[in-house]
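The values are calculated or read from the model by the stated rules, or taken from the named source; none is laboratory data. Since the structure is predicted, the reported quantities are computational estimates derived from the model, not experimental observations. Reconstructed Cβ throughout: ideal geometry from the backbone, glycine too, with neighbour counts over all protein chains shown. We work out accessible area using only protein heavy atoms, side chains counted, and drop any ligands, DNA or RNA first. Shrake-Rupley method; radii C 1.70, N 1.55, O 1.52, S 1.80 Å.
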Amino acid sequence: MSRIGYKPVAVPSDVTVSIDGSTVTVKGPKGELTREFNPLIKIAQNEENEYTFEPVNQSKEARSMHGTSRSLFYNMVVGTHEGFSKQLELSGVGYRAQLQGKKLVLQVGLSHPVEFEAPEGIDFEVPSNTEIKINGADKDKVGELAAKIRQVRKPEPYKGKGIKYAGEHIIRKEGKTGK
């Protein structure tokens, strides 16, 4: 039984939701998101502008998609209303990031600069040359792009150099001389 699936999702007044069969489109001030939901989940709207989710039957697939569908819908509403953001930090001598138009250019100790083009609906901010902020309405795209950028130079455990999430704690190891 899904506890999350039975919680209704309240939709703010500046966000509009349109349901066409199993396709849901959410429009808000930060953008528009469309997603195809599993037909085993019934989406209904009540009087208080809240949306509820119920499985059509009690099959294993319907029960497993119940909470997932509600969470995906909730993320669409929050993303179009407020947006999502991930922050990355660069640490290391000579490691820096800069913005060239819509491109993010990283200098991270490789023989060449690494460039990332901003996908549609995603934008980069570089508050300082060692910080990157990724903003967008789609939580999946923001998280995936942050993971790809981090993958360029993961933080290593001996000196702590690399690209890490803001607030991430890197477990440090002692070198050969440490006892």
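Would you check which residues across region 11-47 are under 24 Å from Ala62 (Cα atoms) and of a type in the set (S, T, N, Q) and list them?
Scanning region 11-47 gives Ser18, Ser22, Thr23, Thr25, Thr34, Asn38, Gln45, Asn46.
Condition check: more than 30 Å from Ala146 (Cα to Cα), open to solvent by 20 Å² or more (accessible area, probe 1.4 Å) and out of contact with any strand residue (DSSP E or B) (no Cβ under 7 Å at 6 or more places or on another chain). Does Gly21 satisfy that?
On the way: more than 30 Å from Ala146 (Cα to Cα): yes; open to solvent by 20 Å² or more (accessible area, probe 1.4 Å): yes; out of contact with any strand residue (DSSP E or B) (no Cβ under 7 Å at 6 or more places or on another chain): yes.
Yes, satisfied.
Say we look at region 127-151 and pick out the residues that are modelled with pLDDT of 95 or more and among the β-branched types (Val, Ile, Thr); which of these is farthest from Leu110 (Cα to Cα)?
Here the residue is Val142.
Exactly one condition in (1) hydroxyl-bearing (Ser, Thr, Tyr); (2) at pLDDT below 90; (3) open to solvent by 50 Å² or more (accessible area, probe 1.4 Å) is not met by Thr16; state its number.
(2)
Could you pull out the residue among Gly121, Gly83 that is touching a helix residue (DSSP H, G or I) at 6+ places or on another chain (Cβ under 7 Å) and of a type outside the set (A, V, I, L, M)?
On inspection, the qualifying residue turns out to be Gly121.
Condition first: in contact with a Ser or Thr (Cβ under 8 Å, 6 or more places away or on another chain) and over 25 Å from Met76 (Cα atoms). Can you find one or more residues in region 129-151 that meet it?
The answer is yes; a qualifying residue exists.
Looking at (1) more than 16 Å from the chain's Cα centre (by Cα); (2) under 30 Å from Arg172 (Cα atoms), which is the one condition that is false for Ala44?
Result: Ala44 passes all but (2).
Check region 133-143 and report whether any residue there is more than 30 Å from Gly5 (Cβ to Cβ) and either in contact (Cβ under 8 Å) with a residue 12 or more places away in the chain or small (Gly, Ala, Ser) (or both). Steps first, please.
Our first condition is that a residue be more than 30 Å from Gly5 (Cβ to Cβ); within region 133-143, this holds for 133.
If we keep only those that are either in contact (Cβ under 8 Å) with a residue 12 or more places away in the chain or small (Gly, Ala, Ser) (or both) as well, we get 133.
Scanning region 133-143 turns up at least one residue that is more than 30 Å from Gly5 (Cβ to Cβ) and either in contact (Cβ under 8 Å) with a residue 12 or more places away in the chain or small (Gly, Ala, Ser) (or both).
Residue check: is Ile4 part of a loop (DSSP other than H, G, I, E, B) and β-branched (Val, Ile, Thr)? Outline the logic, then answer.
Working: part of a loop (DSSP other than H, G, I, E, B): yes; β-branched (Val, Ile, Thr): yes.
Yes.
When you go through (1) part of a strand (DSSP E or B); (2) open to solvent by less than 50 Å² (accessible area, probe 1.4 Å) one by one for Arg70, which number turns out not to apply?
Just one mismatch for Arg70, condition (1).
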